[in-house]
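Undergrad: This structure is in structure tokens; I'll ask about it shortly.
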Amino acid sequence: KFLIDQYGIEKYKLLYSNLDFIKTYALSSEKIIKKYSDYLKEYPIELNEHRFKYYFGRQSIVQKVCPRFVGNMLRKGWEQVRDNELNKAKLSFRVILAKTQNYSAIVGLADCLEEQDSIYQSIKLFEQSLSAFNKTPYYYLLSFRLADLYAKTSQLTKASKLYVQLNLQKPSIHLDINSSLRLKLSEGNMLEKYLAANDSVKYQILIGLNRDKYFFPSYPAMISLANSTGENYQTFIMQFDKTNFINDFYSAYAVYSLSNYMLINFDFRNARKMAALAKRFRELEHFNLLFQENFEKAEWFYYNADEFLQQFNPD
């Protein structure tokens, strides 16, 4: 990306074919590396310790149990879940957890317990496991799952506390916007129904949430649910006929998400329009590049639609 932006795509294509930095760029590889290092020093980053822990935090690589054993037992346990052999799956996951704290085994065991109407045991399992994953992404993921379980059991105060915490920490965009969505649903006493519902009912709940006024953090979930329920694209897009006012990150990310969904559905004109809207939000510098690149992608498809569609479907 750096080489293309700085020196153009044609030189990069030449480098890809000959792997000769000096011949291609009239610079030594050391000088280009120096230029790239200087570029990275000026690159905008978000100073968020929770996002750092989410993407780079890891458990100790020194384990007292064989990774191959854990991998085999995990595969066995999830295959048993798939085959609805929940008692066997619980045993497989517990064998792992007797030797080491493993996120996938905890989630698998919790899912089995919840499926067998032991949701309070799932809650206890998550509560006891959280501290073992401090400073790793699994701490935030378990917190979110625990909040959902609290909500399902009408412990809304505990659930809201965790959602608010994740909303403030912002370890990832996914956890941030989904925590915001759950807090909004909780305000309208719809959260328990939403979490217990199938995808079709969840989708209808979100349609209702956005009927009078858009709630931007719900857009990614609506897109996902439209996919899973097989919603017709034209029917889906009609729900967004009101003006999208871009005044914060959530609104910008919402139309960015819409833009990507429109591209997938070959709606290049509207994809470009939504991408341009997202680009208006400039207050978080580290997201400017994301929105800019999305706009460039949408614009390319908009101006090259006929050629692209001809190659994609020559008949």
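The values are calculated or read from the model by the stated rules, or taken from the named source; none is laboratory data. Quick caveat, the model's predicted, so the values are computed rather than measured. Every residue, glycine among them, receives a Cβ derived from its backbone with ideal geometry; neighbour counts consider all protein chains shown. The protein model used for the area step is the full one, side chains on, heavy atoms only, and it has no ligands, DNA or RNA in it. Shrake-Rupley method; radii C 1.70, N 1.55, O 1.52, S 1.80 Å.
Undergrad: Scan segment 22-59 for residues that are surrounded by 12 or more Cβ atoms within 10 Å (Cβ to Cβ), under 23 Å from GLN165 (Cβ atoms) and of a type in the set (Ser, Thr, Tyr) and jot them down.
TA: TYR54
Undergrad: Taking the conditions exactly as written (closer than 15 Å to SER179 by Cα and either charged (D, E, K, R) or without any contact (Cβ under 8 Å) to a residue 24 or more places away in the chain (or both)), does LYS124 satisfy them or not? Reasoning before the result, please.
TA: Working: closer than 15 Å to SER179 by Cα: no; either charged (D, E, K, R) or without any contact (Cβ under 8 Å) to a residue 24 or more places away in the chain (or both): yes.
No: the conditions fail for LYS124.
Undergrad: Answer yes or no as to whether GLN165 is open to solvent by 40 Å² or more (accessible area, probe 1.4 Å) and over 29 Å from ASN48 (Cα atoms).
TA: no
Undergrad: Can you give me the number of residues within segment 75-110 that are of a type in the set (A, V, I, L, M), under 22 Å from GLN128 (Cα atoms) and open to solvent by 30 Å² or more (accessible area, probe 1.4 Å)?
TA: Matching residues across segment 75-110 total 4.
Undergrad: Quick check: anything in segment 176-189 open to solvent by 30 Å² or more (accessible area, probe 1.4 Å), closer than 26 Å to PRO137 by Cβ and of a type outside the set (A, V, I, L, M, F, W, C)? Steps first, please.
TA: The initial filter retains those residues of segment 176-189 that are open to solvent by 30 Å² or more (accessible area, probe 1.4 Å), namely 183-184, 187-189.
Still in the list and also closer than 26 Å to PRO137 by Cβ: 183-184.
Checking the rest, the ones that are also of a type outside the set (A, V, I, L, M, F, W, C) come to 184.
Yes: one or more hits.
Undergrad: Next up: Please determine, by comparing only the residues of segment 240-291 that are polar (S, T, N, Q) and within 12 Å of PHE216 (Cβ to Cβ), which one is surrounded by the most Cβ atoms within 10 Å (Cβ to Cβ).
TA: Among residues in segment 240-291 that are polar (S, T, N, Q) and within 12 Å of PHE216 (Cβ to Cβ), the one surrounded by the most Cβ atoms within 10 Å (Cβ to Cβ) is SER257.
Undergrad: Sticking with this structure for a sec: State yes or no: is GLN128 open to solvent by 70 Å² or more (accessible area, probe 1.4 Å), in a helix (DSSP H, G or I) and either among the β-branched types (Val, Ile, Thr) or more than 15 Å from LYS76 (Cβ to Cβ) (or both)?
TA: yes
Undergrad: Then there's this: From the list ASP20, ASP38, pick out the single residue that is within 25 Å of LEU290 (Cβ to Cβ) and free of Cβ contacts under 8 Å to residues at least 24 places away in the same chain.
TA: Selected residue: ASP38, the only one of ASP20, ASP38 that is within 25 Å of LEU290 (Cβ to Cβ) and free of Cβ contacts under 8 Å to residues at least 24 places away in the same chain.
Undergrad: Just one of (1) surrounded by 15 or more Cβ atoms within 10 Å (Cβ to Cβ); (2) out of contact with any Asp or Glu (no Cβ under 9 Å at 6 or more places or on another chain); (3) of a type outside the set (Lys, Arg); (4) under 17 Å from LEU277 (Cβ atoms) trips up LEU209, so point out which.
TA: Only one criterion is unmet by LEU209, namely (4).
Undergrad: Let me ask another. Testing ALA151 on (1) more than 18 Å from the chain's Cα centre (by Cα); (2) over 25 Å from SER251 (Cα atoms); (3) surrounded by fewer than 19 Cβ atoms within 10 Å (Cβ to Cβ), one condition comes back false. Which one is that?
TA: (3)
Undergrad: Which one is most open to solvent (accessible area, probe 1.4 Å) among residues in segment 1-21 that are assigned to a helix (DSSP H, G or I) and closer than 23 Å to LEU284 by Cα?
TA: Start the filter on segment 1-21 by keeping residues that are assigned to a helix (DSSP H, G or I), which leaves 2-7, 9-18, 21.
After this cut, where a residue has to be closer than 23 Å to LEU284 by Cα as well, the list is 2, 5.
Values: PHE2: 23, ASP5: 90 Å².
Checked segment 1-21; the qualifying residue most open to solvent (accessible area, probe 1.4 Å) is ASP5.
Undergrad: Restricting segment 212-235 to residues that are outside any helix (DSSP H, G or I) and over 20 Å from LEU175 (Cα atoms), which is most open to solvent (accessible area, probe 1.4 Å)?
TA: Across segment 212-235, the extreme among qualifying residues is LYS213.
Undergrad: May I ask you to say which residue of ARG94, ARG82, ARG58, ARG68 is among the basic types (Lys, Arg), in contact (Cβ under 8 Å) with a residue 40 or more places away in the chain, more than 24 Å from GLN155 (Cβ to Cβ) and out of contact with any strand residue (DSSP E or B) (no Cβ under 7 Å at 6 or more places or on another chain)? Let's see the steps before the verdict.
TA: Numbers: ARG94 fails: in contact (Cβ under 8 Å) with a residue 40 or more places away in the chain; ARG82 fails: in contact (Cβ under 8 Å) with a residue 40 or more places away in the chain; ARG68 fails: in contact (Cβ under 8 Å) with a residue 40 or more places away in the chain.
Exactly one of ARG94, ARG82, ARG58, ARG68 is among the basic types (Lys, Arg), in contact (Cβ under 8 Å) with a residue 40 or more places away in the chain, more than 24 Å from GLN155 (Cβ to Cβ) and out of contact with any strand residue (DSSP E or B) (no Cβ under 7 Å at 6 or more places or on another chain), namely ARG58.
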